[in-house]
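Undergrad: My structure is below; once you've seen it, I'll send some questions.
The values are calculated or read from the model by the stated rules, or taken from the named source; none is laboratory data. Model, not experiment: these values are computed from the prediction. For neighbour counting, all protein chains shown are included, and Cβ atoms are generated from backbone atoms with ideal geometry for every residue, glycine included.
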Amino acid sequence: MLLRCCGAAVLRCENRGCRVHCVYRAYCYCVYCVYADRENFDTGTGRAANVRDALWRMPAAAQAAAVRNGDVSAAELVGSHLDRIADVNPRVNAVTQLMAERAREAAARTDARRAAGEELGPLAGVPFTVKETTAVEGVPTTMGAARFRDLVAAADAPPVARLRAAGAVPIGHSNVPTLILAGMHTRSELFGDTVNPWDPSRTPGGSSGGDGAAVATGMAALGLGNDSGGSVRIPASFCGVAGLKPTVGRFPADHRILGPDDPGPASQMLVTDGPLARTTADLRLAYEVLAGTDPRDPRAVPVPVRGEPLPGPVRVAVVADPGGHGVHPAVRGAVTAAADALREAGYDVREVADVPRLDESLEAYQRIVMTEFAPNWPVLRTLLGEGGDRYIEMTREKTPPATTAEFMQLMGVWLGVRRSWAEFLDTYPLLLGPVFTEPPVEPGLESRDRAGRERVGSAMRLCTATSFAGVPGVAVPTGVADGLPLGVQLVGRAFREDLCLEAAQAVEDRLGVLTPLDPRPDAAPAAAG
């Protein structure tokens, strides 16, 4: 297990009672088992803070176990995170709508249930953030747009309801690019910029950038984002946490935000809700809670969360530079490090030439998305606000909407690409590759000009292609280069998220956990408007 030493080093924990003193004479503690020794904290140094400070550092699984076992109360756990938000969020601007009183009330109900002898769920008391696109009952679902600041949700979205049923506590909404259309960087008309806690000159990614930054800095143990082309995996990688994009149909969803009508075909085909967490074990825990069916989503299917074990060593295809369009040396090094970790864990790791039909997938993806936007573009352009339309406008200039006949052909391309990926993954059950072929880039690069848009679009190409193929992927950190986190993704067969998570765990076991962390002292968000 990993040991956090005064926030300054990572050591190895040898047992669950770990009480080790570092060279700074401050209390050192294991972020996995600190709750088990809560009575013995040395608070005199002021460096290890106290139990309340330590609670937000713990992984979600340990937090829930502590609440179930009575080592801490849900009220203490929620209070610790609220204190952390008060301390950190002014510098990061990840949490947009704080649900403090609601969270305290939910924690009190959890503590009352435990006092009454009731069995608590697998996420008992665990605070989580919810992306501004996902409904939380009684709270506005703004999508970062000023026009929707009063759009109060009548009910929880299915993934929020499932997390609540497992005992988790929504603690706040998290920031997004306006309407999740203004670009990859998390900057909204209503709430302003979210800051990457590692380096304020770099974007936290998006569109689930608020969740990525909140989880990385300990403001929440879990984040609930969504992903249609990298929107969970990119912020996870840029913020040094783990993230899961599941197969479409694995988690039930309901994206009818603006009225009774369902979204168009691109949204139905591509968008999936997905969790972010600091550890792969927490990601798996959230995955098992979120999986299932709901009458509000007829696409959701009752597939077991764990499939049959594969015979022999699992084959992993490695592609560091999808399409041969170029990859930064640090990112190539991250892929190599992950490949070495998987070999050490017993996987059959093989470099392959490329992934199936990459460029064709990217073109078809953009045509389908732009075709969906076309009828409502004048309205969307107004809602995006001044400058918010630049990213989509530049994409529209390059990729015009399809005619009816062309759209029907694109549906055939989509099916063919999915078939090609199924055949590829039949030979190689897992693919290892980059999340983004560069380290985190500067905020708003994709909206600055056509060159920036092309650069970002190319760098996220494996995320886009795997979303188009409908296959699951897990982003996992691999280390730090030049002060910035790096990560890779593991892509698997449809509905075999378990294989992706097992491989990600093998990488994490050998390369370590990067967060939680304090934001850099010079972090400060730009104002909204």
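Undergrad: Filter the stretch 297-329 down to the residues that are at pLDDT 95 or above and basic (Lys, Arg), then identify the one that is farthest from Gly457 (Cα to Cα).
TA: Arg306
Undergrad: Has the stretch 91-100 got at least one residue that is closer than 27 Å to Asp297 by Cα and touching a residue at least 12 places away in the same chain (Cβ under 8 Å)?
TA: Within the stretch 91-100, one or more residues are closer than 27 Å to Asp297 by Cα and touching a residue at least 12 places away in the same chain (Cβ under 8 Å).
Undergrad: I'd like the full set of residues that are of a type in the set (D, E, K, R) and assigned to a helix (DSSP H, G or I), limited to the stretch 140-169.
TA: Result: Arg147, Arg162, Arg164.
Undergrad: Output the number of residues of the stretch 460-479 satisfying the condition of being over 14 Å from Val335 (Cβ atoms), of a type in the set (S, T, N, Q) and in contact with a helix residue (DSSP H, G or I) (Cβ under 6 Å, 6 or more places away or on another chain).
TA: Number satisfying all stated conditions: 2.
Undergrad: Okay, moving on. Identify the residue in the stretch 376-422 that is polar (S, T, N, Q) and not in a helix (DSSP H, G or I) and, among all such residues, is surrounded by the most Cβ atoms within 10 Å (Cβ to Cβ).
TA: Within the stretch 376-422, the match that is surrounded by the most Cβ atoms within 10 Å (Cβ to Cβ) is Thr399.
Undergrad: Looking only at the stretch 197-225, which residues are in contact with a helix residue (DSSP H, G or I) (Cβ under 8 Å, 6 or more places away or on another chain), over 21 Å from Ala145 (Cα atoms) and part of a loop (DSSP other than H, G, I, E, B)?
TA: Answer for the stretch 197-225, where residues must be in contact with a helix residue (DSSP H, G or I) (Cβ under 8 Å, 6 or more places away or on another chain), over 21 Å from Ala145 (Cα atoms) and part of a loop (DSSP other than H, G, I, E, B): Pro197, Trp198, Arg202, Thr217, Gly218, Met219, Ala220, Ala221.
Undergrad: To continue, here is another question. Hey, among Arg233, Arg202, Arg187, which residue is within 18 Å of Gly388 (Cα to Cα) and assigned by TED's automatic domain parsing to the domain that holds Gly388?
TA: Selected residue: Arg187, the only one of Arg233, Arg202, Arg187 that is within 18 Å of Gly388 (Cα to Cα) and assigned by TED's automatic domain parsing to the domain that holds Gly388.
Undergrad: Scan the stretch 62-83 residue by residue and report those that are under 17 Å from Arg114 (Cβ atoms), assigned to a helix (DSSP H, G or I) and not charged (D, E, K, R).
TA: Answer for the stretch 62-83, where residues must be under 17 Å from Arg114 (Cβ atoms), assigned to a helix (DSSP H, G or I) and not charged (D, E, K, R): Ala62, Gln63, Ala64, Ala65, Ala66, Val67, Asn69, Ala74, Ala75, Leu77, Val78, Gly79.
Undergrad: Okay, next question. Could you check Ala103 against (1) modelled with pLDDT of 95 or more; (2) not in a helix (DSSP H, G or I) and say which number it fails?
TA: Checking Ala103 against (1) modelled with pLDDT of 95 or more; (2) not in a helix (DSSP H, G or I), the one that fails is (2).
Undergrad: Which residue pairs have Cβ atoms under 8 Å apart, sit 6 or more places apart or on different chains, and have a first residue in the stretch 252-267 that is within 22 Å of Arg162 (Cα to Cα) and among the charged types (D, E, K, R) and a second that is modelled with pLDDT of 75 or more and exposed (fewer than 13 other Cβ atoms within 10 Å of the Cβ)?
TA: Short answer, once both residue conditions are applied: Arg256/Asp262.
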